[in-house]
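A quick write-up on the structure given underneath.
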Amino acid sequence: MRDAELDILVHRRGSVSAPAGCGKTELITSALLRSGDSKPALVLTHTNAGRAAIEQRLKRRGVGGNTVRVATLDSWAIRLVQSLPGRSRLSPSILKVKGNNANYVAIREAALEILAAGHVDEIVVATYSRIIVDEYQDCGSLQHQMVLSLAGLLPTVVLGDPLQVIFDFAGPVVDWQKDVVVSFPPLAWKPEPWRWKNADAPELGNWLLNSVRPALSQASGSIDLSKAPKGVEWVCIEGTPAQMSETRLTIAKRKFSGSALIIADSKNKEAQWETARRARATMVEANDMVDFMKFAAAFDPVAESSLDDAVAFFGTLLSGLSPVQLIARSRSLHGGRAKTSATKIEAIALAYLGAPSHRSAADMLDAFQKAAGVFAFRPDIVRLCSRALRAVSGTFTFQEAVVRERERFRHMPRTMNSKSVGSTLLLKGLEADVAIILEPEKMNAKNLYVAMTRGSKQLIICSKSPTLTW
């Protein structure tokens, strides 16, 4: 057993600092497989994607529901305050937890007060055998205090990686040395690059663990890609900005023998869309879905501009539409001014103009997706949008339907397509056979580390120089 040297179940308190790809999730899974506890362990993490990944791994290994409960820290806090609304002292509007308007700070504060006051001590002890918290490096101070309260009741082990702190833009997170190991003593564990060993790429894994990781742990430094092992490819980017973009796109368009993650500029969503569109890849969507929510708030099939609004938005989901031209031609055909007959795609838009409604907008979107020459590079939003449009009724608005579909999506496992595009924030926790980093110069050390450890067999880095600096 590869993790036999450490059994996290025998420790009353402890922490494991686990580098990317070195078996952190497997450490949790194997421990729970050996568990003889009469009550389930509570496994907490930060994101729904992370929760889904843990659940999928546990399911594959045959760890049943009697052994474990998995939740995000925030969802567990929400259930706690909603179970004790009076003691939470939160307003009904906060307790409803509505999407982007959810007040998570207030919820965490209320949950911490309930835990600190001991109101649920007996319930927690009677319900769970122990606490395991994954991705602990992303805990904020309130979440850290919540876990400390739980650790006063049950055996608690936390796992994380200080070099993967990339969610600190939302506020300060725990300091591993000052906060974590003081409360949860470090457990001895020798990391091994299992992600790459299992993919028959041990040289790549050893380089990432023993050379790249120590370098990126420094405040500043460099990595010489010319000295990288087999499995690492450096692509020289040179010329004008347009020429450099085309070189990156050429790499993204490659056909790979396995799955691929294309890691783009996290601050430029439109550039990510364009890469996915032209590389015939699919986007890994953010949970907030800002542009989808804006469309839901503004779209009205009764409005004169409804075709324009719908087609313009659908053009951000599907390639092959040419929205500006399609809108102009459809209106010309509808008004009897066009001299040439409608194409199949134009006929779809014309059908909507003949009887505009939320349902016919869904029919238009579905028909566009099935049309020859059209590719859905944002298939998740296409699916959610179609469902929400069809769910509109006299008492259920389009915006309400979109919020419902988005909330459902947040709790679903992320499915990897053969070629996906996203940022480090969206791809953290995911892995593929190949990782392509398009603009490493726009990443700090921690984002660069997350990006470089996504590919289990091959890493492709596009940059002006073979020497990466931060």
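Details
- Count - residues of the stretch 79-90 that are in a helix (DSSP H, G or I), surrounded by 18 or more Cβ atoms within 10 Å (Cβ to Cβ) and not small (Gly, Ala, Ser): 2
- Criterion: in contact with a His (Cβ under 9 Å, 6 or more places away or on another chain) and surrounded by 21 or more Cβ atoms within 10 Å (Cβ to Cβ) - qualifying residue of Leu389, Leu365: Leu389
- Boolean, Thr29 is free of Cβ contacts under 8 Å to residues at least 60 places away in the same chain and part of a helix (DSSP H, G or I): yes
- For the criterion of being open to solvent by 50 Å² or more (accessible area, probe 1.4 Å) and of a type outside the set (D, E, K, R), Ala116 passes.
- Listing of helices (runs of 4 or more DSSP H) fully contained in the stretch 371-470 that carry 2 or more residues being under 24 Å from Met244 (Cβ atoms) and among the aliphatic types (A, V, I, L, M): 424-427, 445-452
- Verdict on Thr247 being of a type in the set (Ser, Thr, Tyr), without any contact (Cβ under 8 Å) to a residue 60 or more places away in the chain and farther than 23 Å from Tyr449 by Cβ: no
- Counting only strands (runs of 3 or more DSSP E) that fall entirely inside the stretch 200-301 and contain at least 2 residues that are over 30 Å from Glu400 (Cα atoms) and either open to solvent by less than 30 Å² (accessible area, probe 1.4 Å) or touching a helix residue (DSSP H, G or I) at 6+ places or on another chain (Cβ under 6 Å) (or both), the qualifying elements are 232-236, 260-263.
- Filter result for the condition that a residue is closer than 25 Å to Leu42 by Cα, of a type in the set (D, E, K, R) and touching a residue at least 40 places away in the same chain (Cβ under 8 Å), over Glu192, Glu135: Glu135
- Within the stretch 427-449, being of a type in the set (A, V, I, L, M), in contact with a helix residue (DSSP H, G or I) (Cβ under 9 Å, 6 or more places away or on another chain) and within 20 Å of Thr282 (Cβ to Cβ) holds for Leu427, Leu430, Ala435, Ile436, Ile437, Leu438.
- If only residues of the stretch 91-113 that are surrounded by fewer than 12 Cβ atoms within 10 Å (Cβ to Cβ) and hydroxyl-bearing (Ser, Thr, Tyr) are counted, the one that is nearest to the chain's Cα centre (by Cα) is Ser93.
- Any hit, the stretch 433-450, residues being of a type in the set (Ser, Thr, Tyr), in contact with a Gly (Cβ under 6 Å, 6 or more places away or on another chain), closer than 14 Å to Gly205 by Cα and in contact (Cβ under 8 Å) with a residue 12 or more places away in the chain: no
- Test: residue in the stretch 141-159 that is assigned to a loop (DSSP other than H, G, I, E, B) and touching a Gly at 6+ places or on another chain (Cβ under 7 Å): no
- As a summary of the residue check, Leu42 satisfies the conditions (1) crowded, with 21+ Cβ neighbours inside 10 Å; (2) of a type in the set (A, V, I, L, M, F, W, C); (3) more than 16 Å from Tyr128 (Cα to Cα) except for the one numbered (3).
- The sole residue among Ser129, Ser93 that is in a loop (DSSP other than H, G, I, E, B) and among the hydroxyl-bearing types (Ser, Thr, Tyr) is Ser129.
- Sub-7 Å Cβ pairs linking a first residue in the stretch 303-318 that is among the polar types (S, T, N, Q) to a second residue that is open to solvent by 20 Å² or more (accessible area, probe 1.4 Å) and in a helix (DSSP H, G or I), at least 6 apart or interchain, are Thr316/Trp273; Thr316/Asp291, ordered by first then second residue.
- Qualifying residue in the stretch 415-438 (condition: under 25 Å from Asp224 (Cα atoms), in contact with a Pro (Cβ under 7 Å, 6 or more places away or on another chain), open to solvent by less than 60 Å² (accessible area, probe 1.4 Å) and modelled with pLDDT of 95 or more): no
- Criterion applied to Arg378, Arg404 was being at pLDDT 90 or above and open to solvent by 20 Å² or more (accessible area, probe 1.4 Å), and the one residue passing it is Arg404.
The values are calculated or read from the model by the stated rules, or taken from the named source; none is laboratory data. Just so it is clear, the model here is predicted, and its values are computed rather than measured. Note that we place each Cβ from the backbone using ideal geometry, even for glycine, and neighbour counts take in every protein chain shown. Just so you know, the surface numbers come from the protein's heavy atoms only, side chains and all, with ligands and any DNA or RNA stripped out. Shrake-Rupley method; radii C 1.70, N 1.55, O 1.52, S 1.80 Å.
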